[in-house]
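Here's the structure, in structure tokens; my notes come after.
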Amino acid sequence: MKTPPSTISVSRRRFLAQMSAAAALLLAPRRSRAVNPSPKPRKLGVALVGLGGYSTYELGPALRLTEHCRLAGVVTGSRKKGRKWARDYAFPEENIFDYETMGRLAGNPDIDFVYVVTPNSLHAEHCIAAAKAGKHVICEKPMATSVADCDSIIAACRKAAVRLTVGYRLHYEPHHAELARLAREKVFGPFMRMKGANGFDMDSSATARTFWRLDKKLAGGGPLMDMGVYVVQAACMAKVEAAPVAVTARFGPVTRPEVFSEVEESIEWTMEFADRAVANCRTTYTEQVSNFRAEADHGWAQLEDPAFYYDEPLLTTSQGPVKLPRVNHQVAQLDGMAMELLEGRPSLAPGEMGRRDVAIVEAIYAAAAGGRRVEVSA
Ligand code: NDP
């Protein structure tokens, strides 16, 4: 694991000065207020839902390094795993929950954020349960497997007056943030021609029965849901978060039918934007690939391979390589989201953005299935 330089260097004085009254309340240690008259700001408590690969190898370790949040509990189908996490991360066993009893989170003052890291089609159920328990929600990508589920999550969070964000780590990563700045400030003019790809080579022994990413019901789709969503994100970022007006798409060939019996093996698509900008994109479970390039009339910017992996992306522009700090993506995201909440700022990755991307993904699937251009209503 790389050591993260702090991306969020806010001095404590400035930090406290900027806090809203609500944030100040949230930060005060709830149990020791009487014995500690000048308390250190409390780190926000995060509960991870689903202790699989991403939680175990990335988010859990990142929560040991974060400045503004910490792991305070887990939701898991395995009590045994939960106990091990409680020992490893030093939180009380009463902060271990299961999926059926997430409602009990409501009475737990240690937990501020619930971070849903389960298979894609379960995100809606788990996010809604977290919102009903009055907890702020971070939902992993893709936000859900349908726009209807995204709407249900958004409605539940609004009703409970909790914050909803999507685990889009790259919005907190300096090279991607620089791409967003170049777009926003039109440094080379508006980006008009974009190209990107993201994928990995799926193990040939995996099947829909043995791996949820290949199971249409749990994954919602193939590499487009899993890896392609990053290319969709980058293209929208290069268009200052505008959604495309229409898409065309086609599925790639199926070279391993026993692996890809339910979801696509690869897919390529074109996004058309209102100003006639075009993004040609592809995603695959058959090749390790990860890149993105955006061209404008007076220059270009390129995220070198691997553009979307945890390894450090390199950004080159028509003016040369861009030197930026290296960060641990998950630490930057978690601390970034904690600070957004504490300072009462809008999130860089709100639920509406997750919904936009699922709407685009749905349109891409419809375009590929129907062999026609599909307008996007995001
Ligand atoms: P894993 O398969 O490794 O873990 C998923 C976990 O979800 C399981 O370990 C299990 O945890 C829980 N779970 C609950 N119900 C089920 C079920 N029916 N089938 C399988 N697992 C279940 O997946 P990942 O950790 O790789 O991915 C989880 C989510 O995180 C996905 O939405 C994925 O897109 C996203 N992700 C995001 C990344 C990013 O860079 N932002 C990177 C990797 C993943 P338990 O045993 O504790 O109940």
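The values are calculated or read from the model by the stated rules, or taken from the named source; none is laboratory data. Worth saying up front: this structure is predicted, and the values here are computed from it rather than measured. Here the Cβ positions follow ideal geometry from the backbone for every residue, glycine too, while neighbour counts run over all protein chains shown. Just so you know, the surface numbers come from the protein's heavy atoms only, side chains and all, with ligands and any DNA or RNA stripped out. Shrake-Rupley method; radii C 1.70, N 1.55, O 1.52, S 1.80 Å.
For this structure, a couple of remarks:
- Gyration tensor (Cα) of the range 152-293, equivalent ellipsoid semi-axes in angstrom: 28, 21, 14
- Working from Cα pairs under 8 Å separated by at least six residues, relative contact order for the chain is 19 percent.
- Within the range 304-366, trypsin sites (Lys or Arg not before Pro) in DSSP loop having at most 10 other beta-carbon neighbours inside 10 Å: 323
- In the elastic network of the chain, a GNM with C-alpha springs shorter than 10 Å, the most mobile of 286, 317, 210 is 210.
- With DNA, RNA and ligands ignored, accessible area of residue 181 (1.4 Å probe; Å², nearest 10): 80
- The magnitude of the dipole of the range 125-187, with charges of +1 and -1 set on the Cβ of Lys/Arg and Asp/Glu and taken from the Cα centre, is near 260 debye.
- Equivalent ellipsoid semi-axes, the range 167-247, via Cα gyration tensor eigenvalues times 5, rooted, Å: 31, 13, 11
- Extent of the range 51-123 along its three principal axes (Cα atoms, max minus min coordinate, largest first): 30, 27, 23 Å.
- The value obtained for the range 96-151, namely the Cα convex hull volume divided by the number of residues, is 74 Å³ per residue.
- The HN-Hα couplings worked out from phi for the range 333-349 by the Karplus form 6.51 cos²θ - 1.76 cosθ + 1.60 (θ = phi - 60°) are 5, 5, 5, x, 5, 4, 5, 4, 5, 5, 8, x, 8, x, 7, 6, 9 Hz, whole numbers, x standing for Gly and Pro.
- Coordinate range along principal axes, alpha carbons of the range 75-225, Å, largest first: 54, 42, 34
- Applying a DSSP loop filter and a limit of 15 other Cβ atoms within 10 Å to the trypsin sites (Lys or Arg not before Pro) in the range 210-312 leaves 276.
- Here the Gaussian network model covers the chain, with springs between Cα atoms less than 10 Å apart; of 171, 123, 298, 298 fluctuates the most.
- Which of 60, 155, 134, positive extreme of dipole for the chain (C-beta unit charges): 134
- Given charges at Cβ of Lys, Arg, Asp, Glu: the range 287-378 dipole, positive-most of 289, 360, 307: 360
- Size of charge dipole - the range 233-378 - debye, nearest 20, with Cβ of Lys, Arg +1 and Asp, Glu -1, no other charges: 280
- DSSP loop GluC sites (Glu not before Pro) with at most 12 other Cβ within 10 Å: longest gap in the chain: 1-184
- With the gyration tensor restricted to C-alpha atoms of the chain, the semi-axes of the equivalent ellipsoid amount to 34, 26, 19 Å, longest first.
- Other residues within the sphere of radius under 13 Å centred on the Cβ of residue 181, judged by their own Cβ, net out at -2 (K and R +1, D and E -1).
- Principal axis extents of the C-alpha atoms in the range 277-367 (largest first, rounded to whole Å): 40, 38, 31.
- Summing Cβ point charges (Lys, Arg +1; Asp, Glu -1) relative to the Cα centre of the chain gives a dipole of roughly 1500 debye.
- Cross-linked pairs 216/239; 43/186; 141/239; 43/135; 141/186: Cα-Cα separations exceed 26 Å for 216/239; 43/186; 141/186.
- D by Stokes-Einstein for the range 286-329, Kirkwood Rh over Cα pairs, 10 °C, 1.306 mPa s: 140 µm²/s.
- Using a Förster distance of 35 Å, the FRET efficiency for residue 99-residue 210 (Cβ separation, nearest 0.05): 0.95
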